[in-house]
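Trainee: Starting off with a structure, shown below.
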Amino acid sequence: MFQNIPPITRALLIINALFFVAKFIAASNLGINLDLILGAFFPLSKNFQSYQIITHMFMHGDLVHFFFNMFALWMFGSTVERTLGEKKYFILYFLSGLGAFAIFNFTNYLEAKSLIESYNLTAGQVAELRNLDPFMALTGKEDVSMIYSIPMVGASGAIFGILVAFGMLFPNAVLMLIFPPIPLKAKYFIPIYIVIELYLAIRNQPGDNIAHFAHLGGALIGFLLIRNWKKQIHRWNG
């Protein structure tokens, strides 16, 4: 069965699995939290390293996070890769992941700027924010501290790019929802899912640790890429 998965998707599944296993081996045997090394911190934080822009895509918070991302990668990525070809699929995956990082941190920057102004923080306090250790916080300013001290992890941005690509390439494919268990065409399911993500991102509910704007960023890049490629195909055929 595994041999029937196209090469890029298969390689991504293997790499993600290796990173996931390495994370728990490092934690249990070496006492090292790889999320703090390979996860992506806010670019204005002292903890940010340029390589995290890529490595965060292969880190996952827990087994549930890992399983659902890999299940979606296998389920939708295999079909999208066979349709687009290896090169375009590779571009789609990584540009969606990079777009997720960029848009998530752009919205973080705007939110941090607004919070800094509302708290009327001094230059010294802003510098203190930038120098926070992972998961540390300024007393009474936990909301802005979270932006600077908590890393972003996961392939979800890239996965959302693939989901949007699948919906645009196969709009009439029928998907079965879990809750409620009803069939729905991809051209309805994907937009509804995106709207829910947008609502949750704007709502910004306290305690919600899901990077909804990262999902939206990946979805946007996936949409733009597929729209451009479909135009090229139509132009060549015309």
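Trainee: Using a basic spin-label model with each label point 7 Å from the Cα along Cα→Cβ, how many nm lie between residue 232 and residue 196?
Mentor: The two pseudo-label positions are separated by 3.3 nm.
Trainee: Residue 110 to residue 3: extension gain in nm, 0.36 nm per residue of separation minus the Cα-Cα distance?
Mentor: Using 0.36 nm per residue and subtracting the Cα-Cα distance, I get 34.0 nm.
Trainee: Same structure again: Is there a pair in 23/187; 87/187; 23/230; 46/88; 87/231 whose C-alpha atoms are over 27 Å apart, and which pairs would that be?
Mentor: Details: 23/187 37 Å; 87/187 25 Å; 23/230 39 Å; 46/88 35 Å; 87/231 18 Å.
Checking Cα-Cα distances, 23/187; 23/230; 46/88 exceed 27 Å.
Trainee: Sequence-distant or interchain residues sharing an amide H contact under 5 Å with residue 152, placed H: which?
Mentor: Amide H to amide H, under 5 Å and 5 or more residues apart or across chains, residue 152 pairs with 40, 41.
Trainee: Calculated from DSSP H runs of 4 or more alone, at -39500 (n - 2.57) each and per residue, what is the 222 nm mean residue ellipticity of the chain, nearest 500?
Mentor: Computed ellipticity for the chain at 222 nm equals -20500 deg cm²/dmol.
Trainee: Each label point is 7 Å from the Cα along the Cα-to-Cβ direction; what then is the distance between the points at residue 133 and residue 67, in nm?
Mentor: 3.4 nm
Trainee: Starting from the Cα-Cα distance between residue 33 and residue 117, subtract it from 0.36 nm times their residue separation and give me the gain in nm to one decimal.
Mentor: Full-extension gain reported as 27.0 nm.
Trainee: Now, a different point. Just to be sure I understand: with springs between alpha-carbon atoms less than 10 Å apart, which residue in 212, 56, 65 has the highest mean-square fluctuation in the Gaussian network model of the chain?
Mentor: Taking springs between Cα atoms under 10 Å, the residue moving most is 65.
Trainee: Through the Karplus equation 6.51 cos²θ - 1.76 cosθ + 1.60, θ set to phi - 60°, convert the phi angles of the stretch 43-58 into ³J(HN,Hα) values in whole Hz; use x for Gly and Pro.
Mentor: Values per residue, Gly and Pro as x: x, 8, 8, 5, 7, 6, 10, 4, 5, 5, 4, 9, 5, 4, 5, 9 Hz.
Trainee: Taking every eigenvalue of the Cα gyration tensor of the chain, multiplying by 5 and rooting it, what semi-axes result, largest first, whole Å?
Mentor: Equivalent-ellipsoid dimensions as semi-axes: 33, 21, 17 Å.
Trainee: For the stretch 124-174, which semi-axes, largest first and in whole Å, follow from the square roots of 5 times the eigenvalues of its Cα gyration tensor?
Mentor: Those come to 40, 9, 8 Å.
Trainee: Using alpha-carbon positions, what is the distance between the centroids of the stretch 1-52 and the stretch 127-194, in Å?
Mentor: Their Cα centres are 17 Å away from one another.
Taken together, the values in this text are just the output of simple stated rules run on the coordinates, not laboratory data. Note that the coordinates shown come from a computational prediction; the quantities given were computed from them, not determined experimentally. When we count neighbours, we look across all protein chains shown, and the Cβ atoms used for this are built from the backbone with ideal geometry, even at glycine.
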